[in-house]
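Peer 1: Below is the structure I would like to discuss, written out as C-alpha cells.
Just so it is clear, none of the values below were taken in a lab; they were calculated from the coordinates. In this text, all values refer to a predicted model and were calculated from it rather than measured experimentally. We place every Cβ from the backbone using ideal geometry, glycine too, and count neighbours over all the protein chains shown.
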Amino acid sequence: MAQTPSTMIPLGTKLPAFSLPDTVSGRPFASAGLAGAPASVLMFICNHCPFVKHINEELVRLANDYMSKGVRFAAISSNDVANYPEDSPDLMKQAAALHGYPFPYLYDETQETARMFDAACTPDFFVYDKNQELVYRGQLDDSRPSLDVPVDGRDLRHALDCILAGKPVPADQKPSIGCNIKWKV
C-alpha cells in the first residue's frame, strides 16, 4: 500500500472555482454554492483506497455532526477510472449509498480540479472559512489502517470547532497520508 502525504499548500489560499457532476444526485455541483457557509470541507477520496475505507464511518459521522451547524461538505474522486474501474461514477454512487454519505460525491473526470487544489492523496482534506480562504489542510486524525489508533476525526473536528467559535485554526497541521491520486498517463 503506497503512502503519499498531502502537499500542504499555503494557508490563506483561495478556494478554486470548479463545477463537477455529483454522482449521487446527477446534478452539477459548483464551488460557488459553498458561499455563505461558515466553513466548507472538500475531501479527495475514492472507493478503492484502504485509507479511505478505514475512515468512511467517521466521514459520515463528522459530516452529520457539522452540517447541522452550517458547515458544507463535498467529496471528490479524481482517479483514473480506466485503470481503477472500482472508482467509476456508477460505483461512486453505489458507495455513497452504501456508506450513507450525506454530502455530494463528485467525479473529476479530467483531474483538473485535483490539480487546482494540488491534491496528492486519498484522503486529502481542505477546509475553507466563510471568506473561502484555506484555514486547514491535512489529516483527519492520527489513525491509519496499520495503526491501532481510533478513528475519531480529532484534527479536522478541532479545526471546524475553532472556525465555528470564531477562533483561529492552529497553523501547526499534519499532512494526510493515503494512496496517491491515480493520475492519467
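Peer 1: Go through Gly26, Thr122, Asn83 and say which Cα lies farthest out towards the positive end of the charge dipole of the chain; charges sit on Cβ, +1 for Lys and Arg, -1 for Asp and Glu.
Peer 2: In the chain, that residue is Gly26.
Peer 1: Can you tell me which lysines have their Cα less than 24 Å from the Cα of Lys53? Leave out same-chain residues fewer than eight positions away.
Peer 2: Partners found: Lys93, Lys174, Lys182, Lys184.
Peer 1: Give me a comma-separated list of calculated 3J(HN,Hα) values for the stretch 101-112, in order, Karplus coefficients 6.51, -1.76, 1.60 applied at θ = phi - 60°, integers in Hz, x for any Gly or Pro.
Peer 2: 4, x, 10, x, 10, 9, 9, 9, 4, 7, 6, 5
Peer 1: I've got another one for you. How big is the stretch 86-174 by Rg and Dmax over its Cα atoms, in Å?
Peer 2: Considering the stretch 86-174 through its Cα atoms, Rg and Dmax are 15.0, 40 Å.
Peer 1: A further question on this structure: Is there a quick way to get the dipole size of the chain? I mean about its Cα centre, with the Cβ of Lys and Arg at +1 and of Asp and Glu at -1; what is the value in debye to the nearest 20?
Peer 2: Its charge dipole is roughly 340 debye.
Peer 1: Taking Rh as the Kirkwood radius, which is the inverse of the mean 1/r over Cα pairs, what is the Rg/Rh value for the stretch 11-122?
Peer 2: 0.93
Peer 1: What does the stretch 117-163 give for Rg and for Dmax, in Å, if only its C-alpha atoms count?
Peer 2: 11.9, 37
Peer 1: To the nearest 0.05, how large is the calculated FRET efficiency for Val185 and Met8 if R₀ is 35 Å and r is the Cβ-Cβ distance?
Peer 2: Calculated value: 0.85.
Peer 1: I'd like the distance separating the alpha-carbon centroids of the stretch 34-50 and the stretch 83-143, in whole Å.
Peer 2: With the stretch 34-50 and the stretch 83-143 each reduced to a Cα centre, they are spaced 5 Å.
Peer 1: Would you mind checking which residues have amide H under 5 Å from Gly138's amide H? H placed 1.01 Å from N; only 5 or more apart, or other chain.
Peer 2: HN-HN under 5 Å from Gly138: Phe125, Ser176.
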